[in-house]
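The values are calculated or read from the model by the stated rules, or taken from the named source; none is laboratory data. All of these numbers come straight from a predicted model, not from anything done at the bench. Note that we place each Cβ from the backbone using ideal geometry, even for glycine, and neighbour counts take in every protein chain shown. The accessibility values were calculated without ligands, DNA or RNA, using every heavy atom of the protein model including side chains. Shrake-Rupley method; radii C 1.70, N 1.55, O 1.52, S 1.80 Å.
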Amino acid sequence: MATLTRPRPRRSFPIRLLAVVGAMLLVVVVSQVASHLRTSAPPQRQAPVVVDPLQPGIGDLDAGAISGSSGSGSGTDAGPAASAGADPGVIDIARIKADIEFWSSRVARDRDDFISSNRWGISEIELARATGDLSAFLRANAAFDTTLARDQHNAAALGYKGSVLVSLHRFVDAAGLARTILERYPDDPVALATLGDASLELGDLPTARDAYSRANDVAGSAATLARLGHLAFIGGDTAGALSTTTAAVGLADSEGAEGERAAFYHYQLADVLISTGDRAAAAKQYAAALAADPGSFLAHSGLARVAAADGDMDAAIRQLSAAIAIVPQPEFLARRGDLYTLRANHGDAKRAADDYATVEAIAKLAGEAAGVYDRTLALYLANHGLDPNRAVALADAELSVRKDVYGYDADAWALLAAGRPADAETMMSRAFAFGTRDAKLLYHAGMIAVALGQSDRARTFLEDSLALDPSFDPLQVTRARATLATLR
């Protein structure tokens with residue numbers, strides 16, 4: 001993929017994007033609010049919350065997802081607006097819940113109230129983003145469906161629903177919805193972004209590339225550059241990924257991004273930097289993300305990754321604990337358990353056991369949305385030698401639909417844990433076919449080669465992995481070094 005250059009600075013957030021995405025919702029609200037809101041305003045109303053569905057998501061923490069997503073799981077909203085004079089990094093959960101109660105109660109009284117059902121859905125997205133509560137995405141989906149039952153072409157509901165489907169890992173449905181929108185509106189930038197997000201997760205890089213490029217042509221912004229940067233990384237164009245994500249940070253600044261939105265772009269750049277071997281520069285970008293949004297759980301997790309690679313387990317645990325206090329993602333808990341295991345202070349064994357026990361508990365609490373964590377659970381089980389057959393079943397089930405690079409990698413790793421190195425090698429070769437240059441993939445390939453008795457290949461893979469990025473996983477890096485020592 002050719003390296004992208006920074007587009008000409010714009011005076012404000014892209015006009016065409018606002019016209020396509022925001023006009024319907026905001027103009028209708030402004031023009032009808034006096035007559036429409038016959039009851040009192042929602043409790044503690046602050047500055048209007050304008051959630052941009054083109055903003056890449058940062059809530060998907062699938063292993064391997066540079067921009068979250070996880071895996072990931074990209075394409076969700078921009079995050080809540082701050083009240084006037086407030087710290088943009090402080091998310092007012094009480095205000096979000098009050099908004100949900102206000103708008104959902106209006107819908108309960110009148111299911112034809114599309115303004116309220118859209119605002120209810122937007123508030124649920126905010127809650128999901130702020131707390132990691134996947135059930136909020138389910139409620140958001142229901143809210144937008146309420147709007148669409150009244151008006152199947154409602155632009156705002158369609159745009160937000162697409163981003164919610166991606167967040168719930170319903171990638172086939174998201175792609176189908178995007179294509180339906182594009183049949184009616186071929187240049188809809190949100191539908192193009194959703195199609196690209198879903199296609200990338202489904203392993204269809206050509207469709208993702210075409211959709212992202214078209215979205216960037218129609219409504220170029222930091223959000224579209226962020227997507228192109230992630231695609232470049234997945235396709236193995238690390239130089240393109242660095243230049244494009246760097247441009248996205250600059251463009252986000254010129255667009256006036258702040259709070260969570262500004263933090264996302266610094267976080268994505270940091271992840272590309274650390275994954276390509278520049279841990280010092282990555283640390284600065286993670287710190288910039290945290291400065292923009294003190295509530296950024298991703299920035300805390302990134303700083304924990306840096307600290308662990310630097311050998312400072314205490315700092316790594318503190319940063320991960322901060323992330324977990326904000327959003328207790330299973331991946332964070334598994335990683336902190338590993339850090340306790342490696343630090344091995346008094347009481348750390350119990351702390352690690354408690355974290356490990358919580359990993360599956362959180363996935364179970366996700367209920368209908370629990371499938372979002374299937375890949376994370378498969379990797380967790382394989383990493384820790386727990387129920388390898390279940391790990392394979394989880395990875396196989398997801399791979400049957402989601403044939404992306406990290407899906408093949410997770411399946412390969414689970415197969416190795418189940419004592420099937422030849423099958424694992426087959427899956428690993430399919431992962432490498434994407435061209436992604438990732439230390440974790442190299443490590444997995446090295447351990448598969450060890451199991452197959454291919455010492456020379458194993459040595460090369462493991463050395464390359466540690467040279468590229470010795471921060472990818474503290475426990476597995478320790479095992480890589482120990483294994484490499486036996487091969488020399």
field: the range 168-179 - residue that is assigned to a helix (DSSP H, G or I) and either among the charged types (D, E, K, R) or at pLDDT below 95 (or both) and, of those, nearest to GLU398 (Cα to Cα)
entry: ASP173
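Among the residues of the range 277-290, is any in a loop (DSSP other than H, G, I, E, B) and either open to solvent by 30 Å² or more (accessible area, probe 1.4 Å) or modelled with pLDDT of 95 or more (or both)?
Checking the range 277-290: at least one residue is in a loop (DSSP other than H, G, I, E, B) and either open to solvent by 30 Å² or more (accessible area, probe 1.4 Å) or modelled with pLDDT of 95 or more (or both).
State the number of residues belonging to the range 255-269 that are open to solvent by 40 Å² or more (accessible area, probe 1.4 Å) and in a helix (DSSP H, G or I).
Step one: filter the range 255-269 for residues open to solvent by 40 Å² or more (accessible area, probe 1.4 Å), giving 256, 258, 266.
Among the residues that remain, those that are also in a helix (DSSP H, G or I) are: 266.
So the answer is 1.
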- request: Residues being more than 20 Å from VAL172 (Cα to Cα) and either open to solvent by less than 10 Å² (accessible area, probe 1.4 Å) or not in a helix (DSSP H, G or I) (or both): count how many of those fall in the range 182-227.
  value: 9
- request: Might you check whether a residue that is among the aliphatic types (A, V, I, L, M) and either within 19 Å of PHE171 (Cβ to Cβ) or assigned to a loop (DSSP other than H, G, I, E, B) (or both) occurs anywhere in the range 233-244?
  value: yes
query: When you go through (1) farther than 17 Å from PHE137 by Cα; (2) under 17 Å from the mean Cα position of the chain (by Cα) one by one for PRO189, which number turns out not to apply?
result: (2)
Helices (runs of 4 or more DSSP H) completely within the range 372-488 that count 1 or more residues being at pLDDT 95 or above, out of contact with any Pro (no Cβ under 6 Å at 6 or more places or on another chain) and open to solvent by 30 Å² or more (accessible area, probe 1.4 Å): 388-399, 405-417, 421-432, 439-451, 455-468, 474-487
query: Does LEU342 fit the bill of being of a type in the set (A, V, I, L, M, F, W, C) and open to solvent by less than 10 Å² (accessible area, probe 1.4 Å)?
result: no
message: Consider the range 422-431. How many of its residues are of a type outside the set (Val, Ile, Thr) and more than 11 Å from ALA445 (Cβ to Cβ)?
response: 3
message: Restricting to the range 172-181, and then to whatever is under 15 Å from ARG402 (Cβ atoms) and buried (at least 24 other Cβ atoms within 10 Å of the Cβ), can you tell me which residue is farthest from the chain's Cα centre (by Cα)?
response: ALA175
